[in-house]
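No lab work stands behind these numbers, since they all come straight from the coordinates. Because the structure is predicted, anything quoted here is derived from the model rather than measured. Ideal geometry is used to build each Cβ from the backbone, glycine not excepted, and the neighbour counts take in all protein chains shown.
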Amino acid sequence: MPSFTSARALIWVWLVLIALSAGTLFVGGATSEESFGILGGAAVFGITFFKTKLILNYYLDLKAAIGNWNMFFSSLVFLILLILFGLYCASLLF
Amino acid sequence: MSLHEINNTDDWGPLSGLPGNPIMWLLIASELFVFGAFFIGFSLLHITDPELFSQSQNKLDRLAGGLNTMVLVSSGLFAALAVHYQRQRNTLKTRLWLAGAGFLGVLFLVIKWTEYADKFNQGLSPDSNSFFMWYFLCTGFHAMHVIFGIFLLIVIGWKNTDENILTGTAFWHMVDLIWVIMFPVIYLIR
């Protein structure tokens, strides 16, 4: 059975989440008003998915869950983000 | 300590494999569907009225939104550390970390209220246009979850059984998770 996350691992996860949050703000441009295009959008949604995976796996400890629950919740979040990215791409095309 | 040892002994079938009370996980899944639908509605506005979307979004304070992301992510760490110390049977540290998580939740609300006050001072409200209707709907509904989450953190700090701690902090992480998705969708994507 997978073990629970240690305090040290939790702090590392937090540091990565803070760095990724700052990265999202940087890629998204805190003060810019320009569109950042499909690649920028993909980067923002990609970083967001990675952050949600860290929260699911370590904060919520789903990596210790028995069965396919980690896969279920990760897939659900991935599907939502994929639809949102698709709508974002559509907004750039139309 | 294994998951089964800290979970309740009720047989929930496959749901027994989840940490905490399975009802909370049903709530988390349903909240993801509800907020996901909100975000899809919000994103459709980007397609149907891109000019309005762009002009309105540029009036949002992205730095405040980014700061709030870091505040909630940090409160998530505090809640996770509370669970960690609960497993070590250290009640004092568990309560202290829960209090810290709740304090950061209050800080999140203060920053959010500052944002709202700034919008109201600019004459912007849910009635201004469809962008701000969605903005206030999504962020306001989420803020209500934060308020309920703080209340829940207080309750589980008081009635600190293993199951209560796991279940209450799972709700708090769900609030964190939804904000992590909401922030780029509302504030950044353009």
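Computed quantities for the displayed model
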read-out	value
Summed residue charge, Cβ within 14 Å of A:Val16's Cβ, Lys/Arg positive, Asp/Glu negative	+3
Paired Rg and Dmax values of chain A, which use every Cα atom, in angstrom	15.6, 50
Hits among lysines - C-alpha to C-alpha of A:Lys63 under 20 Å, sequence gap 8 or more where chains match	A:Lys51, A:Lys53
Local net charge near B:Met144, Cβ-Cβ under 13 Å (Lys/Arg +1, Asp/Glu -1)	0
Anisotropy class of the range B:20-188 from Cα gyration tensor, a/c 1.5 cut	prolate
Span-rule helices in chain B, defined as complete DSSP H runs reaching 18 Å or more along the axis (Cα) with Kyte mean at least -0.5	B:22-48, B:62-87, B:91-121, B:130-158, B:162-183
Amide H contacts of B:Asn21 (H built 1.01 Å from N, under 5 Å, at least 5 apart or other chain)	B:Thr167
Radius 14 Å from Cβ of B:Gly102, net charge of other residues (Lys, Arg +1; Asp, Glu -1)	0
Choice from B:Ala170, B:Ala143, B:Ala117 showing the highest fluctuation, given a GNM over chain B with Cα pairs closer than 10 Å	B:Ala117
Tilt relative to chain A, helix A:37-54 - C-alpha long axis, 0 to 90 degrees, to 10	10 degrees
Residue-span extension gain [B:Gln88 to B:Trp12] - 0.36 nm each, minus C-alpha spacing	24.8 nm
222 nm mean residue ellipticity, helices alone, for chain A (DSSP H n ≥ 4; -39,500 (n - 2.57); rounded to 500)	-24000 deg cm²/dmol
